[in-house]
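K.L.:
Take a look at the following structure, please.
Read the figures in this text as sums done on the coordinates, not as results from a lab. From a predicted model like this one, the values you see are computed outputs, not experimental measurements.
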Amino acid sequence: MNKPKKAKENKFTVKQHINVIMRGLKILAAVPQTVMVLKIFQSVFNSVVPFINIYFSAKILNELAGEKNQNRLVFLILLTIGLNFASMLIKSIINRLTEYKATDSLNALLKIYSDKLFSMDYVDIENPEKQQEFYEIRQYHFNTKFGLPYLLGTYYGITDGIMPVILSVAMAFSLFTLKIPVNSPFVFLNSPVAVIIVILILACSILLSPYLSMIGGKIWAESTAEENKGKHLFYFYFFDMIYGSERAKDIRIYNQKRVIDKSAEDFFDFRFGTWEKCAKYNAKFSALSTGVSYLSNGLIYLFVALKAFAGAFGVGGIVQYVGAITLFSKGFALLLTNIGGLVNNTAFLDKIIRFLDTPNKKYQGTLSVEKRDDNDYAIEFKNVSFKYPGMDSYALKNLNLQFNIGQRLAVVGMNGSGKTTMIKLLCRLYDPTEGEITLNGIDIKKYKYNEYMDLFSVVFQDFKLLPFKLGENVAVSVNYDSEKVTEMLSKSGFAERLADMPKGLDTYLNENFEDDGDGVELSGGEEQKVALARALYKDAPFIVLDEPTAALDPIAEFEVYSKFNEIVGGKTAIYISHRLSSCRFCDDIAVFHEGELIQRGSHDVLIADEGGKYHELWNAQAQYYNENKKADNCLS
């Protein structure tokens, strides 16, 4: 049978393998050291217990076959029981602690990724290639366990293999030093040649067998890309598509079960085919590995039996040496298997390292932003143009725009006109491709990045709330001013809903987070009010609202508009909307079209320009509302 086709060929030199593995071990330094140390102790005691039984069993058998001293036999038996009891007790305690702490190590691995995502430049977060890269890493982590989980597992495996090797060498050393009497027909086994042959047979067992297993196991690593594709189809498409009420209605109305069942059937056929290929390929090498191991061990056991039969040692020695060699073979095989696993894991680990090494190219700046009680900040776009990475066309072209202190600026335009892109540039999520943006006359790149970001409170159109407590969501902090949070929620129109919350500000915004059922799921409009309260709580000089009322009903929308000046206070406010009727409270309106600022002025000025884009958009929307009004009159 042909070997299954690799998803992607990855070639690494020995030096590259070592470099990747060593770098991976450095990354594992993030795992709590308590776990790593406990694992070493666990491996020691897990290894010691079998050797206690082997060693003292040999002593007891020798005593039974020899002098049969009852006192010595009782002493050996009690000592064996005592050591077993003590070792098992310590082993049980350490195993329990290690199991308890193991969760910390798994969480620490996940935190490595989250810390990187938190610190990455936003341009990389939005980069589809980086998103795909992280998606694959996440698939490896949770599905096939390749990458950091596998590296951690091999660390555990190597520590489990080292101690048996050390103890078995110490226990089996005398096998090669004890001599057969010269009058025995098997005296030739005393010769260095015989010892070398035995060692070579042992080496064949402990080297060749794991190597064959490694080759067989390599196919699973090579098929991981196909496996991930199948699991993505099932878990993130098929299962996720069925689970959840948002799709349940359509599935029932249109009887989509037929299509879903066919997709599931294709998935199982696909996955079984991949599994069958890998299993058959792996079985050949596993069988060879097992055969080599049993054959080699059989020859070693024959050597031990012949030396015992010839009088080199007693019957207890057979138990001691056979047991020691068996544990040596297992321990050394475990070492080599895990080392081979490290080799198979290199490609996945290298992908993780390259992701974690993604450089932050955004200049962070060195100037401090002046703290002003009067919020006298002036921002200006000067000939700013911008292209998204990998795009040929400009999202913004030659933008010149200035915000005056305390100004209410509405930004309007069709989808794709550049409104949200302008906000991303304003907040330094991206830097301009051409031109510059200044704060009080200084390029914003020169300011310390975090201090500059503190100037802005933004409610993005695709904002997200955390599944934490309501108060924590508004304050974005565990410790917060409850009165201030309540005030901001009231300003955003959430006061009435707050009064109905089971635990007030301590109510979780997720039903699954509360065992007593007091968690809540907010509607889209309610979430938008909480997001607005969050922006107000930050109390930044600039507040940016990107479609802030898109999910609100007309009454709630009117409340926000009527109290807009009260809500914003003396801040500079930038208001983005598709609905031109909602922008009339702004004295200044900027009209964007195809990435350019084409008009600016008050509503009255812009509507008077009958050839302008604003006039065109206004009348298009006004006509729609007028038609609805006529229809309502007819129905009444």
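K.L.:
Return the subset of LYS464/LYS503; LYS361/LYS448; LYS330/LYS351; LYS464/LYS538 for which the Cα-Cα distance in this structure is over 20 Å, preserving the input order.
P.N.:
LYS464/LYS503; LYS330/LYS351
K.L.:
What is the distance in Å between the Cα centroid of the stretch 9-80 and that of the stretch 173-191?
P.N.:
29 Å
K.L.:
If you only keep lysine pairs separated by 8 or more in sequence, or across chains, how many in the stretch 38-172 come under 17 Å at the Cα atoms?
P.N.:
Value for the stretch 38-172: 7.
K.L.:
Contact order normalised by length for the stretch 10-132, with contacts defined as Cα pairs under 8 Å and 6 or more residues apart; what percent is it?
P.N.:
37 percent
K.L.:
On to the next question. Plugging the Kirkwood radius over Cα pairs into Stokes-Einstein for the stretch 44-171, at a temperature of 4 °C and a viscosity of 1.567 mPa s, what D comes out in µm²/s?
P.N.:
69 µm²/s
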